[in-house]
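Structure record follows, encoded as structure tokens.
The values are calculated or read from the model by the stated rules, or taken from the named source; none is laboratory data. This structure is a prediction, so every number in the text was calculated from the model and none was measured. Positions of Cβ are backbone-derived with ideal geometry, glycine not excepted, and every protein chain shown enters the neighbour counts.
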Amino acid sequence: MRNLRIVMSFFVGLFILTYGIITGLTHENVTAQSDGQDGTFDVVGYNNAPTFISFEGPDTNGATLTPNQTYSVALEIEDIDGLSDLKKLDLIMYYVDPQPTSLSALGSAFDAITTTTIDGTSFIMRWENTATSAAVNSAAGISTGASADAPDAGFHVVSQSAVSSDISWEIINSTVPAISGTAIPGDRFRFEVEFKISKVAREAVQSQWRFGARIEDARIIENFVAAEQINNGNTTVAALQSDFSPVATGTSIQVSDRYNMAFYGEVNVPSGSSLTWLDLSPGVQFSDEEVVSLSGITFIANSDHNRTVKTEAFWTATGAGVVGSGEITTSQPNKNYTGASITSELFDATTEQKFRLGVDTTNAYSSGSLVLLDDTFTFKTIESDQATLEAGQSRTYYFFIELSNLFYDADYIGDVIVGISNRVITE
């Protein structure tokens, strides 16, 4: 911002003509006179808009980024009014689907991004110049701070949630120019941010992720005019606001580079969880509803996904009834069992040491919805769902068990694993 004082001098000519009475051949001289008077006016409020010079993305155009991983971006700008004129700078990463068919549509989509959302579709990193001009004093109800050189130390996340743990986007580090009262106008200024992508940053296979930036400036003008109003006797914020509306400029850019996003899925089972059946009888059936539950399973995903379960093919026998060699004590000769095997096949009267496990989302037995696990140690899909929010989705699964008629007394231990996998997006 530059103040322009123009002084104009102008001359007012005073032309005096005195007529004399002619007596004979006598005459009088006519005399012209002039005097100078200064004219002045002030120009206050013009603001030079900042200019975007360059943007360095996290990878090459069209690359695939990975959620929960760290990347860096950099932006270089120029403001001939100096860096102190900037109020704030937003670096924005956003997901657009469907793809805009025009620049105006892209601009509308970009303008709609105002915060970091919990659905993983937008991320705003903000730097703010929080310094206040020393000329604006506390009499106006405006905090001056220790000096005019105290902006944000770096970037912060602008989030729709007041709880930082609700957002997995994260700023790891940032580098910003130093604000100086003697900053040279016209200098170029570089901002760098290292950040971690959200776990639920939406999966993209058609380069739906973009970057952009917004700048709001004219901070110097606001401080200058506020100081002028204070000097003129207006000592309240209300008076300042009523007397002046800053001539601020908002400058934005949408970067042409576009990116894909890889699938991310995460499942968390509460620590210490277990599936325990007590005092089962040989020959128990699914319909007997000997069911145990696994609650508090949290699924986090950035796209359509399958929720799965698998188990070991062999569960080991322990406890009473098991000898030192690990074999189950039986009255039958040549029965050297050390555990039991899972199967998805039906039992017959001669089946020994076989069991079946079924998983459902309800604790009421239904042969139509029960998902049987098998001896291949492969995940079986229990249910499918779409992308989750940042907090994920909590689920409870119910496990039904069935034993063959010939099943020896012991405690049986095996691993049950809950998983998550992506459902392939083709479009």
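When you scan the stretch 244-259, how many residues do you find that are outside any loop (DSSP other than H, G, I, E, B) and modelled with pLDDT under 80? Steps first, answer last, please.
So the first thing to find is which residues in the stretch 244-259 are outside any loop (DSSP other than H, G, I, E, B), and the list is 250-259.
Imposing the further condition that a residue be modelled with pLDDT under 80 reduces the set to 250-254.
Result for the stretch 244-259: 5.
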Single condition ASP348 does not satisfy, out of (1) surrounded by 14 or more Cβ atoms within 10 Å (Cβ to Cβ); (2) under 18 Å from VAL284 (Cβ atoms); (3) not polar (S, T, N, Q)
(1)
What are the pairs with Cβ atoms under 8 angstrom where one residue, in the stretch 152-168, is within 20 Å of VAL193 (Cβ to Cβ) and the other, located anywhere, is assigned to a helix (DSSP H, G or I) and at pLDDT 70 or above? Sequence gap at least six, or different chains.
SER159/ASP166
Reported set for the stretch 36-78 where residues are over 14 Å from THR251 (Cα atoms), at pLDDT below 90 and aliphatic (A, V, I, L, M) is VAL43, VAL44
Can you confirm whether the stretch 403-423 contains a residue that is assigned by TED's automatic domain parsing to the domain that holds VAL292, aromatic (Phe, Trp, Tyr) and farther than 30 Å from THR329 by Cα?
no
Go through the residues of the stretch 273-289 one by one and say whether even a single one is touching a Ser or Thr at 6+ places or on another chain (Cβ under 7 Å), at pLDDT 90 or above and either outside any loop (DSSP other than H, G, I, E, B) or not assigned by TED's automatic domain parsing to the domain that holds ILE401 (or both).
no
Meets criteria (surrounded by fewer than 15 Cβ atoms within 10 Å (Cβ to Cβ), closer than 16 Å to ILE300 by Cα and of a type outside the set (A, V, I, L, M)) for THR376:
no
What pairs come out if I take residues in the stretch 304-332 that are acidic (Asp, Glu) and pair them with residues that are surrounded by fewer than 14 Cβ atoms within 10 Å (Cβ to Cβ) whose C-beta lies under 6 Å away, six or more apart or interchain?
ASP304/GLN386; GLU312/ASP415; GLU327/ASN336
When (1) in contact with a strand residue (DSSP E or B) (Cβ under 8 Å, 6 or more places away or on another chain); (2) free of Cβ contacts under 8 Å to residues at least 12 places away in the same chain are applied to SER108, the one that fails is (1)
Would the stretch 79-94 turn up any residue that is modelled with pLDDT of 90 or more, closer than 14 Å to PHE189 by Cα and surrounded by fewer than 17 Cβ atoms within 10 Å (Cβ to Cβ)?
no
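Being of a type outside the set (Phe, Trp, Tyr) and out of contact with any helix residue (DSSP H, G or I) (no Cβ under 9 Å at 6 or more places or on another chain) is the requirement here; does ILE92 meet it? So that I can check it myself, show each step before the final result.
Values: of a type outside the set (Phe, Trp, Tyr): yes; out of contact with any helix residue (DSSP H, G or I) (no Cβ under 9 Å at 6 or more places or on another chain): no.
So ILE92 fails the test.
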Mind listing whichever residues of the stretch 292-321 are in contact with a Pro (Cβ under 8 Å, 6 or more places away or on another chain) and either more than 21 Å from VAL359 (Cα to Cα) or modelled with pLDDT under 95 (or both)?
ASN302
Is it true that ALA262 is of a type outside the set (Val, Ile, Thr) and either in contact with a Phe, Trp or Tyr (Cβ under 8 Å, 6 or more places away or on another chain) or at pLDDT below 95 (or both)?
no
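Here is a yes/no grid of residues against (1) over 44 Å from the mean Cα position of the chain (by Cα); (2) at pLDDT 95 or above:
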| position | (1), (2) |
| --- | --- |
| VAL323 | yes, no |
| PRO333 | yes, no |
| THR338 | yes, no |
| SER366 | no, no |
| ASP375 | no, no |
| PHE407 | yes, no |
| GLY419 | no, yes |
